[in-house]
Amino acid sequence: MARINENYLKLPGNYLFAEIAKRVKKFQADNPNAKIIRLGIGDVTQPLPQVCIDAMISAAKELGNVETFRGYGPEQGYEFLREKIAEWNYKRRGLKVDAEEIFISDGSKCDCGNIQEIFRLDCKIAIADPVYPVYLDTNVMAGRAGDLNADGKFSRVTYLPCTAANNFSPTPPENKVDLIYLCSPNNPTGTTLDKAALKIWVDYAKKNDAVILYDAAYAAYITEENIPRSIYEVEGARDVAIEFRSFSKTAGFTGTRCGYVVIPENLCGTTSDGKKIPLKNLWLRRQTTKFNGTAYIVQRGAAAIYSDEGQVQVKTLVDYYMTNAKIIRDGLSAAGLKTFGGINAPYIWLKTPENISSWEFFDRLLKNFHIVGTPGAGFGPCGEGYLRLTAFGSRENTLTAMNRLVTSG
Ligand code: MLT
């Protein structure tokens, strides 16, 4: 009999967005005439930038010619893309990140989920609460999280509460942890960590020999100048932090799939006998074994955003969604709801009315207004009593949704 990995059985219910999709499907089947507006999962709706389309068409043509055909690409990603990322996202902002420290992937979700494999099972993890569920779920699957307690928390996980009282900014715990997942701009709260907050984390990581796993998938949505786009803007971060970035939200690649991880050359973990091992080498070993690279066509498409024209097109896309974010914030306020986020992020985090539960409010929005949101409780215990709306819908749907809330709310 093939025995299963019983850690999977410790996961409560379905993956958050799969559960939402299931409920919405049922509601639609029961109410075929309902014109449902989906502002739940953060999936983009606008077309890819033209520069990406052109580059992908031209790459496809290369593959159709025996002279320029390519098979397996480098597992770490093509140099043309890694060089461009290093130049445009880091060097031009005065940061030192070399192309050799960048690993291209088929999206940040896989990277954030897989990175834990290069760390020992007894590493202690800390996660912001609420936060993107992939960090916790993948550690549960691996067997690192312990057991689920009655309070909805896993026994071996340190939860870092992010509440309105601390401006949704997690602070280091009293205890020592080895791996810290931070996400800024945060999914789901849409709030950010400033340089001072990040410096506290970098200092904590140095003092405790910990590694920060910094998810900056939404960095392109930061509008305020003083908010760091990268953790490497903080002095000393190269010694303690791995950074995750994505083209999904920056350039509309949620379906096209492309992301990357930065692992600085000097960032090490230790063996049980105290020997220091570069994490970059372990990740390279992992990727070369388990991954055969992101499609050439996709990497050419991603590289196309690193040109003057590409940057203008990406900015237009980001501006479009951020205008939606403003429409949502204004609409929710007009409907008497308290909101957070949506200034440096495409997510708006709202307090449920009359303190009703996240799932109750999810059901109310769906039933009364035919709007899909994401219940805050799905992102962690501190998300209870909140709900997330995404700005990634079309303008028309966003306006209609707010109109439904304001006029009949
Ligand atoms: C979300 O809605 O939180 C995101 O779409 C999830 C993701 O990027 O995987």
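Taking the Cα centre of the chain as origin and assigning +1 to Lys and Arg Cβ atoms and -1 to Asp and Glu Cβ atoms, the resulting dipole is close to 600 debye. A cut-off of 5 Å between modelled amide H atoms, ignoring neighbours fewer than 5 places along the same chain, links residue 254 with 44. Annotation: amide H of residue 246 within the under-5 Å range of 260, sequence separation 5 or more or interchain, hydrogens built in the peptide plane.
Applied to the range 45-58, the Karplus parametrisation 6.51 cos²θ - 1.76 cosθ + 1.60 on θ = phi - 60° returns per-residue 3J(HN,Hα) values of 10, 8, x, 4, x, 4, 4, 5, 4, 4, 5, 6, 5, 5 Hz, with x for Gly and Pro. In loop segments of the range 200-298 as defined by DSSP, the trypsin sites (Lys or Arg not before Pro) with at most 11 further C-beta atoms inside 10 Å of their C-beta are 275. Rolling a 1.4 Å probe over the heavy atoms of the protein chains gives the chain an accessible area of 44 Å² per residue.
For the charge dipole of the range 48-146, defined by +1 on Lys and Arg C-beta atoms and -1 on Asp and Glu C-beta atoms about the Cα centroid, which residue among 125, 52, 113 has the Cα displaced farthest towards the positive pole? Highest projection toward the positive end goes to 125.
Straight-line reach from residue 280: taking Cα to Cα under 17 Å and skipping same-chain neighbours fewer than 8 places apart, the lysines in range are 96, 290. Applying the criteria of a DSSP loop state and at most 16 other Cβ atoms within 10 Å to the GluC sites (Glu not before Pro) of the range 192-241 yields 224, 225, 235.
Beta bridges from DSSP with both residues in the range 143-297: antiparallel share about 45 percent, rounded to the nearest 5.
Of the chymotrypsin sites (Phe, Trp or Tyr not before Pro) found in the range 1-85, the ones in coil according to DSSP and having at most 11 other Cβ atoms within 10 Å of their Cβ are 69, 72.
What a 1.4 Å probe finds exposed on the range 238-306 is 51% carbon and sulfur by accessible area, rounded to a whole percent. Dipole check for the range 94-146: with +1 at the C-beta of Lys and Arg, -1 at the C-beta of Asp and Glu, and the Cα centre as origin, the magnitude is about 220 Debye. Solvent-accessible area assigned to carbon and sulfur over the range 45-102 amounts to 52 percent, based on a 1.4 Å probe.
Remark: relative contact order (the chain) = 23 percent; criterion is Cα-Cα distance under 8 angstrom and separation of 6 or more residues. Helical runs (DSSP H, four residues minimum) scored at -39500 (n - 2.57) apiece and divided by the length of the chain put the mean residue ellipticity at 222 nm at -10500 deg cm²/dmol. Which of 231, 212, 189 sits closest to the plus end of the dipole of the range 173-269, meaning its Cα is farthest towards the positive end, when Lys and Arg get +1 and Asp and Glu get -1 on the C-beta? Working it through, the farthest residue towards the positive pole turns out to be 189. Remark: the range 188-328 carries a charge dipole of roughly 580 debye about the Cα centre, counting +1 on each Lys and Arg Cβ and -1 on each Asp and Glu Cβ. Among 382, 398, 368, which residue has its Cα furthest toward the positive end of the charge dipole of the range 355-409, with +1 on Lys/Arg Cβ and -1 on Asp/Glu Cβ? Towards the positive end, the residue furthest out is 398.
The values are calculated or read from the model by the stated rules, or taken from the named source; none is laboratory data. Computed from a prediction, not measured in an experiment: that's the story for all the values here. Note: ideal-geometry Cβ built from the backbone for every residue, glycine included; neighbour counts use all protein chains shown. Surface areas here come from the heavy atoms of the whole protein model, side chains and all, with no ligands, DNA or RNA. Shrake-Rupley method; radii C 1.70, N 1.55, O 1.52, S 1.80 Å.
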